1. What is the gain in length, in nm to one decimal, between Asp21 and Lys170 on full extension, counting 0.36 nm per residue of separation less the C-alpha to C-alpha distance?
2. Which order do the peptides 54-64, 24-34 take when ranked by the mean count of other beta-carbon atoms within 10 Å per residue, highest first?
Amino acid sequence: SQSSEPLAIDEGRNVLYAASDGLALESFNLTTGAGLKTFTVGADMSGPVIGPDGSIYVAGGGKLYKFNPDDGTQVWVFTPALAGGTVSTPALTSDGHIYALVASGAKKLAAQAATDSLYALNADGSYRWACGLGEGNVNTAEVPLSAPKIDAAGDIYIGDGTRAYRVTGKSTPAHSIWPMFQHDIQNTGRAQ
């Protein structure tokens with residue numbers, strides 16, 4: 001997995017979203033701790049992020065999903081062209097785009113020549129563009145898969161275990177409670 005504790009907090013809905021067993025995302029009432037909904041996503045689950053409308057975005061099984069927070073239904077699923085790859089925790093922009101890093105599945109256990117790609121999706125989950133970053137993301141327990149980070153200028157930052165990349169972007173982080181991994185570009189992991 002990408003983090004020992006991939007989670008997101010939606011204080012407005014009083015919900016905590018957390019990985020349960022590496023295959024499913026579960027939601028819990030923040031006040032009582034009671035379980036609410038389970039979202040099945042598959043192996044190598046990413047951390048969740050929350051859109052401005054409360055929608056949940058999470059990756060697993062080589063795909064990226066958007067779920068409705070009210071009834072738990074799947075809104076859409078995106079399958080990248082890099083079949084068998086691992087998809088990072090996504091990052092959401094203020095204009096509705098979604099960024100995610102996709103690393104070759106061949107590098108899950110050992111560094112092998114393959115290309116990692118930064119994907120950009122439209123708000124409806126359709127392909128917008130992809131940017132090849134070269135080889136490098138080992139994605140092991142020691143070197144977790146990097147999640148894209150968006151700064152106040154809209155630039156996107158990604159690390160691959162040995163290098164860091166900056167991709168020029170146009171959109172700032174989404175105006176939501178949890179738009180990217182660990183909440184913000186500083187990785188505070190705080191909802192406020």
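Read-outs throughout are calculated quantities, based only on the coordinates presented, and are distinct from any laboratory measurement. Keep in mind the model is a prediction, meaning the values are calculated, not measured. When we count neighbours, we look across all protein chains shown, and the Cβ atoms used for this are built from the backbone with ideal geometry, even at glycine.
1. Net length gain for the segment: 50.0 nm.
2. Put in order of decreasing packing, that is 54-64, 24-34.
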